[in-house]
Amino acid sequence: MTEKKQTKPKEETSIKDLNMYQKIHLAIEKCADVKKKKTGMGYSAGSYNDVQQVVKEACQYARLVLTPTCFFEITDDKMMIATVVLNITDMDNCYKDEQGRNVHHFHRCGDIKVPQVLKGNQNDPKVSGSLMSYGYKYLLQKFFLLNIEESQDLDFEQNNSSPTSGFDISQLK
């Protein structure tokens, strides 16, 4: 009679024991798809809140904290440039500095520049907030490799209308 071999239970690694890059990988893996909802200007776009919510949930699971930073510069030709940076902090892993204080590991990414020409008497705070939101949204999308999909409602609307609806071909010269 043969004996059944005892298999060792697979050891589970605690998220707290992962290093920062393993946690970033885990967060990327946990990110859900983002559905595009808003339409305008002939295309649909994923909203800032939708992108942020997907990344927030994944980072909370992986015990990472995201801190956006933005630096603004106004050039002589009335252009505002926002440089958006993302600091990712590991909540569990830290080291001692020279003074014996705990310092958390962090990773800096981004440094993307988002320009906007200032027209007339535009509200600078509104422009700077818009640039930061836009840059941060796209930084999150690219860093966390988010899959941005059309919502089913938009697909349904686009499939039911012909590409030439409301267009008179006889008007072409």
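Bear in mind that the values in this text are calculations on the coordinates, not laboratory data. The structure presented is a predicted model; accordingly, all values stated were derived computationally and were not measured. Cβ atoms come from the backbone with ideal geometry, glycine included; neighbour counts cover every protein chain shown.
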Exercise for the section: Run the quick spin-label model on Lys142 and Val65: label points 7 Å from Cα toward the beta carbon, then report their separation in nm to one decimal. Expected result: 2.6 nm
Practice task
Mind giving me the FRET efficiency for Tyr48 and Lys16? R0 is 25 Å, r the Cβ-Cβ distance, nearest 0.05 is fine.
Solution key: 0.25
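Quote the FRET efficiency, to the nearest 0.05, computed for Asp76 versus Ala32 with a Förster distance R0 of 45 Å and r equal to the Cβ-Cβ distance.
Working from the Cβ atoms, E equals 0.55.
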Exercise for the section: Compare the peptides 65-73, 133-141 by average per-residue count of other Cβ atoms within 10 angstrom and give them in order, highest first. Expected result: 133-141, 65-73
Fill in the blank from the handout: The extension gain from Ser130 to Cys109, computed as 0.36 nm times the residue separation minus the Cα-Cα distance, is 5.6 nm
